[in-house]
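Engineer: Once you've had a glance at the structure underneath, I'll fire off some questions.
The values are calculated or read from the model by the stated rules, or taken from the named source; none is laboratory data. What you are looking at is a predicted structure, and each value in this text was computed from that prediction instead of being measured. Note: ideal-geometry Cβ built from the backbone for every residue, glycine included; neighbour counts use all protein chains shown. These area figures cover heavy atoms from the full protein model, side chains too; ligands, DNA and RNA do not enter into them. Shrake-Rupley method; radii C 1.70, N 1.55, O 1.52, S 1.80 Å.
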Amino acid sequence: MSTKIIQNRLDSYQCKTALEEEQALREITQEVALAALGRTDFFKFAAFQGGTCLRIFYGINRFSEDFDFLLKEPDQDFSLDTYLKSLSAELEAYGYELETMDRSKADSVVKKAFIKDDSIGRILQLNHLKADRSMRKIRIKLEIDTNPPEGSNYEIKYLDFPFVSSVTIQDLPSLFAGKIHALLCREYTKGRDWYDFIWYTGRGVDINYQFLASALKQQGPWQGQELKVDKEWSIKTLHEKICSLDWQEAKDDIRRFVRQNELASLELWGKELFLDRLDKYASRVK
């Protein structure tokens with residue numbers, strides 16, 4: 001019966017390609033895992049963030065791979081081990097045969113773990129993937145920042161699939177601030193970041209400048225600096241970043257994370273488009 005729930009969810013995606021079907025299975029697995037965490041006390045201590053958070057709770061229309069979390073309060077000794085056991089038990093009830101690995105180092109600020117499965121595809125009706133050949137093992141990375149920047153705000157959201165559960169997430173201004181930190185400080189070009197940038201700016205989401213300033217001070221080229229992080233600084237610095245990027249590299253990264261009907265719009269990606277998005281955003285927000 002539980003496997004049928006997964007099948008019905010997969011059918012609702014109406015996948016057109018093998019890649020879409022593979023991504024859909026990964027996302028369904030993410031949702032079951034997130035609901036499983038909601039049944040524990042995990043969100044008493046942690047909050048959900050990142051692109052997968054945007055997809056699940058705000059419907060951003062791109063595929064996502066990983067789970068990103070941050071602790072509400074710093075705790076270097078925080079462990080994922082107990083929660084991985086809960087995830088395994090929950091997912092097995094839906095037909096998964098999980099391999100879970102805690103890859104955290106004792107002295108690491110960001111704790112990492114992986115959940116992997118290559119069994120669920122063999123018991124589902126797939127339209128494009130061949131479970132024994134073209135389908136790769138489902139692999140989801142979990143990361144949690146045990147020493148997060150100060151100033152984040154949170155809210156509680158609810159999942160309906162595969163059962164009702166509550167999840168603590170960063171609010172949108174804090175999520176946008178975290179994304180801006182990634183846009184400005186990531187050492188390589190990640191097109192997914194800029195896809196999210198279009199989403200945030202198109203909706204006029206405010207920026208949590210306190211959280212952004214704390215993140216910039218903690219990590220990146222401005223580490224240790226006392227910056228006056230406000231709208232003027234953010235717009236100016238984003239403008240400089242947009243002008244410096246290799247937009248072909250950004251397009252190459254995002255291509256496999258969008259659906260077939262969005263691929264044509266990627267040809268518009270370039271300095272001119274993103275400066276236009278930035279200028280319009282600056283005129284709309286305080």
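Engineer: Among the chymotrypsin sites (Phe, Trp or Tyr not before Pro) within the range 154-204, which fall in a DSSP loop and have no more than 14 other Cβ atoms within 10 Å of their own Cβ?
Structural biologist: Listed in order of number, the matching sites are Phe163, Tyr188.
Engineer: Please compare each pair in Lys157/Lys236; Lys16/Lys85; Lys111/Lys217; Lys116/Lys271; Lys112/Lys251 to a cut-off of 31 Å on the Cα-Cα distance and tell me which ones are over it.
Structural biologist: Lys157/Lys236; Lys16/Lys85; Lys116/Lys271
Engineer: Take the chain, connect every pair of alpha-carbon atoms lying under 10 Å apart with a spring to form a Gaussian network, then pick out the residue of Val32, Val164, Val110 with the largest mean-square fluctuation.
Structural biologist: Checking each option, the largest mean-square fluctuation is seen for Val164.
Engineer: If r is the Cβ-Cβ distance from Lys112 to Asn261 and R0 is 30 Å, what FRET efficiency results, to the nearest 0.05?
Structural biologist: The formula returns an efficiency of 0.30 here.
Engineer: Give me, ordered by chain and number, the residues 5 or more places off Ala46 or on other chains with an amide H under 5 Å from its own placed amide H.
Structural biologist: It is Lys72, by chain and number.
Engineer: Moving on. Could you look at the chain and say what percent of its accessible area is carbon and sulfur, using a 1.4 Å probe and all protein chains?
Structural biologist: For the chain, the apolar C and S fraction of the accessible surface comes to 45 percent.
Engineer: For a quick check of your reading of the filter: which chymotrypsin sites (Phe, Trp or Tyr not before Pro) in the range 204-269 sit in a DSSP loop and have no more than 15 other Cβ atoms within 10 Å?
Structural biologist: Passing both the DSSP loop test and the Cβ count: no residue.
Engineer: Who wins for biggest fluctuation among Asn147, Asn127, Asn208 in a Gaussian network model of the chain, springs between alpha carbons below 10 Å?
Structural biologist: Greatest mean-square fluctuation among the candidates belongs to Asn127.
Engineer: Among Glu97, Glu22, Glu226, determine the one that fluctuates most according to a GNM of the chain built with springs between C-alpha atoms less than 10 Å apart.
Structural biologist: With Cα springs under 10 Å in the chain, the top fluctuation among Glu97, Glu22, Glu226 is at Glu226.
Engineer: Send over a whole-number figure in Å² for the accessible area per residue of the range 177-252, probe 1.4 Å.
Structural biologist: It amounts to 48 Å² per residue over the range 177-252.
Engineer: Would you mind checking the tilt of helix 2-13 against the longest principal axis of the Cα atoms of the chain, expressed as 0 to 90 degrees and rounded to 10?
Structural biologist: With both axes taken from Cα atoms, the answer is about 50 degrees.
Engineer: Could you run the Karplus curve 6.51 cos²θ - 1.76 cosθ + 1.60 with θ = phi - 60° over the range 233-246 and give me ³J(HN,Hα) per residue in whole Hz, x for Gly and Pro?
Structural biologist: 5, 5, 5, 4, 6, 5, 4, 5, 5, 4, 6, 9, 7, 8
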